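Since every read-out is calculated from the coordinates, none of them should be taken as a lab result. Source: prediction; values computed, not measured. Here the Cβ is made from the backbone with ideal geometry for all residues, glycine too, and neighbour counts use every protein chain on show.
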Amino acid sequence: DGSDAFCRPLTAFDASDGPVMWQRSVSSWSELAATSVGVVALIVPENAKSTPTNAKNPPYDIALLDRDTGKTIWEVDRVFDGKADAYGYHLIVEGANQYLVDRSGLIVALDLATGAERWLYSFKREL
């Protein structure tokens, strides 16, 4: 419902006349990408009982949401092999790929149509 510190509502409006089409709870700490095939977002997994408010890394899944209904087209539950830092997450969509980068130095390429991991790379960050 977007009521805790780690979630916010994502609301889709009908561009022609303005009524709300759908609303979903998404991560407060991530970017969104509207694409021709759907909206890419970090969401709280449906099987999560609640989002912990004191967790270092709350349990988010990356998902592609249907542009018209907000329903999940696909959902990946172990992005970055379960090592992602959701607070520093960045998203780039290019062609048939989406690239996710977190602040710890992990980058993953996913297939935009299916959510399948194409590759994963970890680089050492020098601060």
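Numerical summary
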quantity: Separation of the residue 92 and residue 8 label points, Cα + 7 Å toward Cβ, nm; calculated: 2.3
quantity: ³J(HN,Hα) computed for each position of segment 105-122 - Karplus, 6.51 cos²θ - 1.76 cosθ + 1.60, integer Hz, glycine/proline x; calculated: x, 9, 9, 9, 10, 10, 6, 5, 6, 10, x, 5, 6, 8, 6, 9, 9, 10
